[in-house]
Amino acid sequence: MPKRKTKDKIEYYKSKLRKLENKSRRRIRRLSPSSDSEQETRDTNSIGIGDPVTMSSVIDAEPGTSMEAPNEGVTGPEVCMNSPGDNNVANSSTVPVLDPSILAALGEITDETPEFGEKIHENLVQIWSPLSKQGMSKDNREVLLKNYLIPENCTWLQAPILNPEISAAIPESGRARDKKMAATQRQLGVGITAINRGLHLLIHDGSKIEAIKFISDGCRILSDLHHQNTETRIKFILPGLDKSFLQFLERTERDNTLFGSDLSEKIKASKTIVKQGELIKKALPPPKPSTSNNSRAQPNANRSSYQGNWQGPPRSQPNRGGGRGGHKRTSYRIPTSTSQSKTSHTYKPRELSPSSTQPSYAGCGDTLREAFLRRNIPVQAIDLMLASLSDNTKKQYSVSYKLWWQFCKTNNMNIFDSTVAKIISFLTEEFNKGASYGSLNSHRSALSLLLGNNIGSDECIKRLLKGAYKLKPSRPKYTHTWDPQIVLNHISNWYPNRD
C-alpha cells in the first residue's frame, strides 16, 4: 500500500513538471525571434529542470507530503526525456486562466448541490421525520383541527368559500378539486394559528411549556400537510404509468426523491418477478375459431351465449290427411338445463304430429337472436348487435313481437319468413282493433328489424301508414289547454307593487 501511494505522488509531480515546462516554453517563444527557436528550446529545457524556484513551487503544491518520496523516484534525466506525444497531450489539456476582472463580470458559479441550514435538535428530527413521511392518523388530525380555531381578528387564515355563481358554472370535477384545495388551505390556516398561539404566550411572558406545546401542534399540522401534498403529487403521476408497476410503487417510501432512490432496483426486481411468473404459468390453449356459416349443419357448434327455450312455428300446415305421419320440418332446439348450456344449439329435424301446438312467446331478445341466426349473422356479433337497443326500445318492440307471434300462430305462419302482404294484413288487423298511427309505426320498425328485406321502406306499407294517419290523426293528451297570456296580462296590471 505505501509503494502505491509513492508511485501516485511521483506521477502527480511529473505532470506538474510537464505543465510548468510547457508554460515556460510558450513564454520564451512569444518573446524571442523565430531564428533562435532551437537555442531557446534548449534553454527552456534547462530552465524547466534546474530552476530551484520552479521545483519548490511544485513541491509546495502538495502540502503535507514528504520530500523523500518524490526524490527517490524522480530524477533529472527522467524528467527531461519527454516525447513529442506527451507535449501534445499536455498542450491540449491546458486550460487558459481568465482574468479576475472577467470572472467578476461573469458572476458567481451556481452550486448544483442544495444548500441546507444549521442542524436542529435530534429529538425534533425524530418527531418531524415520521410525520413528513407517513402523516398523522385521521382521528389525531381531526382533534388538532378542532382545538385550534381561527382567531376572530385574523379571519383571512380561513379558506375562502367558492362563490355559488361560480360553483354552478363549473363542472363537478372542478368543484371536487376546489374542495380538496380548500381543505388544504383550512389545515394550513389551523397550523399557522397554533404557532401564533405559542408566540402570543412567549410575547406576554406566559407559560413556556404551554407555548412549546402550541408550536409543536402547529408543526405537526404542517408536517402532516407536507405529507398530504406528497401523496397528491404521487396520485397525479400514477395514472400515466404502466399498471404492472403500480403495485410496488404504492409501497415505496419517499426520501430525497418522490419514489425513493432505489426505484431503479425495484423496477428491475419487478421485471424479474414477472418473467419468472411467466415461466411457471401454465399455457392455455388458444380458443378455436367458430364459423357461423356451418353452425346450423354442425350439431356440436358452440353457442353458449344464446339463451332461451322455444322453437319456431311450422312452415306449413301439418298433414291432416293421414298417411305416414306429420310433416317433417326443421326446428330450433334449445337445451333447458344449465348443464346443457355449453352445448350447441342447432337445427335438427323433428317429427311433428298434427296435434303439435305452438310454444309461448319467448321474449324480444331471444326472438331477435333467432332471426339474426337465420340470416347467417356471426354468433360473435349477435350480442353486439343486441346491445345497440336500449331497454325501452326492447320493451316497445317486445309488445309488437308478441302481437306478431299471436298473429302468425293464428294463421299458421312462420314469424321469421313472411311477405309484405302478410305484414299489411297484420297492421290492418291491429288498426281495426283500435291501434293508433304511432302504434302501427312502432310495429313496422320492430318487424323491419326482425324480418329485414327492406320492410320499413316498402311503398305499400308506407301508403298504409299514411292512410291510418289520416283516418286516426294524432291527438293531444288533453282536450282543453290554458292560455297563459290572459294570466300574464292580468299580472302586468299589478305593476308597480308598492305595498
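Remarks
- Residue in segment 110-127 that is surrounded by 13 or more Cβ atoms within 10 Å (Cβ to Cβ) and either touching a Gly at 6+ places or on another chain (Cβ under 7 Å) or not charged (D, E, K, R) (or both) present: yes
For every residue, the table says whether it meets (1) closer than 21 Å to GLY365 by Cβ; (2) acidic (Asp, Glu).
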residue	(1), (2)
SER388	yes, no
LYS394	yes, no
CYS408	yes, no
LEU450	yes, no
GLU459	no, yes
SER474	no, no
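- Members of segment 170-201 that are β-branched (Val, Ile, Thr) and within 22 Å of GLY218 (Cα to Cα): THR184, VAL190, ILE192, THR193, ILE195
- The number of residues in segment 129-162 that are polar (S, T, N, Q), in a helix (DSSP H, G or I) and loosely packed, with under 15 Cβ neighbours inside 10 Å comes to 5.
- Looking only at segment 252-280, and only at residues there that are hydroxyl-bearing (Ser, Thr, Tyr) and more than 15 Å from ILE237 (Cβ to Cβ), the one that is surrounded by the most Cβ atoms within 10 Å (Cβ to Cβ): SER270
- Qualifying positions in segment 415-470 - assigned to a loop (DSSP other than H, G, I, E, B) and within 52 Å of the chain's Cα centre (by Cα): ILE415, PHE416, ASP417, SER418, SER436, GLY452, ASN453, ASN454, ILE455, GLY456, SER457, ASP458
- ASP205 meets the conditions (1) free of Cβ contacts under 8 Å to residues at least 60 places away in the same chain; (2) within 24 Å of VAL143 (Cα to Cα); (3) acidic (Asp, Glu) in every case but one. The failed one is (2).
- Considering the conditions (1) within 25 Å of the chain's Cα centre (by Cα); (2) surrounded by fewer than 15 Cβ atoms within 10 Å (Cβ to Cβ), ILE166 is excluded by exactly one of them, (1).
- Residue tally, condition farther than 19 Å from GLN187 by Cβ and in a helix (DSSP H, G or I), over segment 101-128: 11
- Counting only helices (runs of 4 or more DSSP H) that sit wholly inside segment 163-251, those with at least 1 residues that are in the same structural domain as LEU145 (by TED's automatic domain parsing) and under 20 Å from PRO151 (Cα atoms) are 172-203, 208-237.
- Qualifying residue in segment 484-495 (condition: loosely packed, with under 10 Cβ neighbours inside 10 Å, under 26 Å from TYR361 (Cα atoms) and within 55 Å of the chain's Cα centre (by Cα)): no
- Considering segment 217-244, and only residues there that are among the small types (Gly, Ala, Ser) and touching a residue at least 12 places away in the same chain (Cβ under 8 Å), the residue that is nearest to TRP128 (Cα to Cα) turns out to be SER223.
- Any pair with Cβ under 8 angstrom, 6 or more apart, that starts in segment 152-177 at a residue that is within 29 Å of THR193 (Cα to Cα) and ends at one that is of a type outside the set (Val, Ile, Thr) and in a loop (DSSP other than H, G, I, E, B): LEU157/PRO151; ARG175/LEU162
- Pair list, Cβ under 7 Å, 6 or more apart: segment 435-456 residue within 19 Å of ILE382 (Cα to Cα), other residue β-branched (Val, Ile, Thr) and in a helix (DSSP H, G or I): LEU447/ILE423; LEU450/THR367
The values are calculated or read from the model by the stated rules, or taken from the named source; none is laboratory data. What you are looking at is a predicted structure, and each value in this text was computed from that prediction instead of being measured. As a convention, Cβ positions derive from the backbone with ideal geometry for all residues, glycine included, and neighbour counts pool all protein chains shown.
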